[in-house]
Amino acid sequence: MSNLKFCQGPDCHTYTTQDRLKGTKPNKTYQTRRRSNLLWSEFCDRRCFEDWFSKYGTQAVNHYSRITEAKHLTEQNAWAKRYRWDYERNNGEAQHYYLNTITQEQRPLTEAQYDDSNYTINTGE
Ligand SMILES: [Zn+2]
């Protein structure tokens, strides 16, 4: 068994590129792309993502996360992860930190915290 994933683009197989042409003569067909690593998450490229979104995007937003009132950026949720290269003070290593985009306050952050998409000091959305 392979670990290849199919591109989820509903029309992927209709784009007649050589890499989609599979099988042996005389039964070659253009087929949905399969990759071990799809560059656009579930899709082989931007076009396939856009095909999917134009077909299912409204349903997906309605199902998972339709925004029905304005969100507000406050001091409590304005912490953004940043990094910079500081050759003088940090031996050429990237320095990770939190920046509050409203108050401009900075707080230190480890690289592991920076990489952890679940780690946040924001309270509220
Ligand atoms: Zn595709």
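A short reminder: the numbers here are calculations on the coordinates, not readings from a lab. Nothing here was measured: the structure is a model prediction, and the numbers come from that model. Methodologically, a virtual Cβ is constructed for each residue, glycine included, from the backbone with ideal geometry; neighbour enumeration extends over all protein chains shown.
Observations on the model:
- Here Arg20 qualifies as touching a strand residue (DSSP E or B) at 6+ places or on another chain (Cβ under 9 Å) and among the basic types (Lys, Arg).
- Any chance Gln31 is at negative phi and touching a His at 6+ places or on another chain (Cβ under 9 Å): yes
- Any chance Asp86 is among the charged types (D, E, K, R), surrounded by 11 or more Cβ atoms within 10 Å (Cβ to Cβ) and within 30 Å of Ile102 (Cα to Cα): yes
- Residue in the stretch 105-112 that is among the aliphatic types (A, V, I, L, M), free of Cβ contacts under 8 Å to residues at least 24 places away in the same chain and touching a Leu at 6+ places or on another chain (Cβ under 8 Å) present: no
- The set of residues from the stretch 41-59 being more than 8 Å from the ligand (Cβ to nearest atom) and under 16 Å from the mean Cα position of the chain (by Cα) comprises Ser41, Glu42, Arg46, Phe49, Glu50, Trp52, Phe53, Gly57.
- Selection over the stretch 103-125 of residues that are charged (D, E, K, R) and in a loop (DSSP other than H, G, I, E, B) gives a count of 3.
- The lone exception for His63 - which of (1) within 16 Å of the ligand (Cβ to nearest atom); (2) over 16 Å from the mean Cα position of the chain (by Cα) it fails: (1)
- The sole residue among Lys22, Lys55, Lys5 that is under 30 Å from Glu111 (Cβ atoms) and among the charged types (D, E, K, R) is Lys5.
- Selected residue [in a loop (DSSP other than H, G, I, E, B), acidic (Asp, Glu), away from the ligand (no atom under 11 Å from the Cβ) and over 30 Å from Thr123 (Cα atoms)] from Glu88, Glu69: Glu88
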